[in-house]
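Working notes, beginning with the structure itself.
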Amino acid sequence: MGAAEPLRSVLWVKQQRCAVSLDPARALLRWWRSPGPGAGDPGADACSVPVSEIITVEETDVNGKQYSSGKWQKMERPYAFTVHRVRRARRHRWRWAQVTFWCADEQVHQLWLQTLRELLEKLTSRPKHLLVFVNPLGGKGHGRRVYERKVAPLFALASITAEIIVTERANHAKESLYELNIDKYDGIVCVGGDGMFSEVLHGLVGRTQRDAGVDQNHPRAALVPSPLRIGIIPAGSTDCVCYSTVGTNDAETSALHIILGDSLSMDVSSVHHGGTLLRYFVSLLGYGFYGDLIKDSEKKRWMGLVRYDFSGLKTFLSHHCYEGTVSFLPAQHAVGSPRDRKPCRAGCFVCRQSRQQLEEEQKRSLYGLESTEEVEEWKVICGQFLAINATNMSCACPRSPRGLSPAAHLGDGSSDLILIRKCSRFNFLRFLVRHTNQGDQFDFTFVEVYRVKKFQFVSKTAGDEDSSVEGRGKKRFGQLCSDHPPCSCAASSSSWNCDGEVLNSSAVEVRVHCQLVRLFARGIEEPPRREWHS
């Protein structure tokens, strides 16, 4: 029987007689109950699993216990093999599952084993050797335990070897990626929160640019994508990047995505000031409210995770607004808009189409059209803002299931720029509450959102602001100023919250680099069909 021909047999699953089929052309394994003679046709209770979602196939006894080939040859009937696979659970979670098939015919048994293993060997995108960074202190401090209990056994099952580095200080992972020979790895895995991922991102992107001779400090430099994928094992406090790319912050789910060799391209934005690279970000760059929040929380690390709630309340009550000028280049290449209610999903058409249109736009720029185009299309907005947010993804997390920008896309080469103008505390609270429900976050007169590929921000100098503000400091909250309504006084300047890190330079230049990195992920999937669990 040729490897490309369909394989069909009557096998047993537990005590149930089943028809089992394997179509190599479709790479799909199916089985269904078949109580009568012959295989019969699959019914509504049929179970199927793509070969691409099979972790491994082991030779076992009927109870699922593994034996070596030599010992197995001494056994008598029955003959069995166990398929380790992915099973979809609720809320985008994946689980390791297994099903054991057995029969009385050794030749049939060997044929199934050989065919399945040959198909698995053709899946060349799966990693074999990984570099793993574990942050033992991030989030709730469970990173090491999460890896050892939930991830390492699955990697061993899939025959993945891993070199583990437990980080001992800030930037340990970043520095290691600059020094190690990373060519021998199939990917980099970070165990921790968003801060751990950001550190690995900076190390991998920076190393790639150094090896390619690209100057990262040049704001217009064409950055080179890294050939290595990044895997995220969530063990932090929010795990925003993992939640926005997989749909859950579950360690077992992420480990299974890594094992299957999934690949998801993602945008990265660079933040420059005065011709110097400050940082990269993939989720949130926030000025005003989110910048003040993260800066205040850094002073209260002794409080643990509750510091974010405390600093959030304090920042909300202070209600500072900041004056400045935002200039941006609209992302005309991007398909869709921030308010079209079309979220980014696995196999996203918007990301694919936007990238194609961006590449065509870049080809036109080779003929000298880009400079003229940018001068004509840059938009400028001046005013006073409670917050200025730029999101490369939805920024969803357990506290905000839809995120700051629900329709933001992971790989469309654009960022959603959200401007929250000065307003009352009550209205700002209404805006913040929208992040926790199904309402339209942008359905307010004081909120504007734009899909952009570049933007700049310059704050008004403290001296200019002081001259236009009277009566500052007369009250602890809700100062009364001649030029501003109550509860909306302009402060001198804020800081930027760059994926949880503080940037003190208020004047920045931001550019989106389309699909610069790849993750071991496939995007958030639509709800699965009902499956018969054996």
Between (i) 33; (ii) 23; (iii) 42, which entry matches percent of Cα pairs over 40 Å apart as derived from the coordinates of this structure? (i)
For segment 179-228, rounded, prolate or oblate, judged on the Cα gyration tensor with a ≥ b ≥ c (square roots of eigenvalues), a/c < 1.5 rounded, else prolate if a/b > b/c? oblate
For segment 125-262, alpha-carbon Rg relative to the globular expectation (2.2 N^0.38 Å, N residues): 1.02
So, for the chain, what is the accessible surface per residue at a probe of 1.4 Å, expressed in square angstrom? 46
Net charge of Cβ neighbours under 14 Å - reference Leu503; Lys, Arg +1; Asp, Glu -1: -3
Among Leu180, Thr161, Ser226, pick out the residue whose Cα is farthest towards the positive end of the charge dipole of segment 125-262, where Lys and Arg carry +1 and Asp and Glu carry -1 on C-beta, about the Cα centre. Thr161
If unit charges are put on Cβ atoms (+1 for Lys and Arg, -1 for Asp and Glu) and the dipole of the chain is taken about its Cα centre, the option from Phe385, Leu201, His320 lying farthest towards the positive end turns out to be His320
For the chain, the dipole about the Cα centre with charges only on Cβ (Lys and Arg +1, Asp and Glu -1), to the nearest 20 debye, works out at 1660
Pair Val166, Asp183: separation of 7 Å Cα→Cβ label points (nm): 3.2
What pairs from Lys422/Lys460; Lys122/Lys184; Lys379/Lys460; Lys379/Lys422; Lys295/Lys379; Lys174/Lys342 go past 25 Å between their alpha carbons? Lys295/Lys379; Lys174/Lys342
Label segment 220-347 by shape, choosing from rounded, prolate and oblate, from the square roots a ≥ b ≥ c of the eigenvalues of the Cα gyration tensor; if a/c is under 1.5 it is rounded, and otherwise prolate applies when a/b is larger than b/c, oblate when it is not. oblate
Under the rule of at least 5 residues apart or a separate chain, name every residue whose amide H is placed under 5 Å from the amide H of His513. Val268, Ser269, Ser270
Using only Cα atoms, find the angle between the long axis of helix 106-121 and the longest principal axis of the chain, and express it within 0 to 90 degrees, rounded to the nearest 10. 20
Report the label-to-label distance for Arg341 and Gln107 in nanometres (one decimal), using points 7 Å from each Cα along the Cα→Cβ vector. 6.1
Calculate how steeply helix 306-318 sits against the longest principal axis of the alpha-carbon atoms of the chain, using the helix alpha-carbon long axis, and give the answer as 0 to 90 degrees to the nearest 10. 30
Per-residue ³J(HN,Hα) for segment 218-226, Karplus 6.51 cos²θ - 1.76 cosθ + 1.60, θ = phi - 60°, Hz, x for Gly and Pro: 7, x, 9, 5, 8, 6, 9, x, 7
So between Leu313 and His142, what do we pick up on full extension, going 0.36 nm a residue minus the alpha carbon distance? 58.8 nm
For 315-323, 413-421, 378-386, ranked highest to lowest by mean beta-carbon neighbours within 10 Å, the order is 413-421, 315-323, 378-386
Can you pull the percent of the chain's accessible area that's carbon plus sulfur, 1.4 Å probe, other chains left in place? 49
Provide the per-residue ³J(HN,Hα) series for segment 334-349, in order, calculated from phi with Karplus coefficients 6.51, -1.76, 1.60 and θ = phi - 60°, each as a whole number of Hz, with x at glycine and proline positions. 6, 8, x, 8, x, 10, 8, 6, 10, x, 6, 9, 4, x, 4, 5
From the helices alone, meaning DSSP H stretches of at least four residues, give me the mean residue ellipticity at 222 nm for the chain, per-run term -39500 (n - 2.57), in deg cm²/dmol to the nearest 500. -7500 deg cm²/dmol
How large is ³J(HN,Hα) for each residue in segment 407-423, as worked out from phi by the Karplus curve 6.51 cos²θ - 1.76 cosθ + 1.60 (θ = phi - 60°), to whole Hz, x for Gly and Pro? 9, 5, 10, 6, x, 9, x, 9, 10, 8, 9, 10, 10, 10, 6, 4, 7
Angle in degrees between helix 194-212 and the longest Cα principal axis of the chain, rounded to the nearest 10: 90
Relative contact order in percent for segment 267-325 (Cα pairs under 8 Å, 6+ apart) equals 26
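The values are calculated or read from the model by the stated rules, or taken from the named source; none is laboratory data. Please read these numbers as outputs of a predicted model, since none were measured by experiment. So basically every Cβ, Gly included, is an ideal-geometry build from the backbone, and we count neighbours across all protein chains shown. Each accessible area value is taken on the protein alone, full model and side chains, heavy atoms only, with ligands, DNA and RNA left out. Shrake-Rupley method; radii C 1.70, N 1.55, O 1.52, S 1.80 Å.
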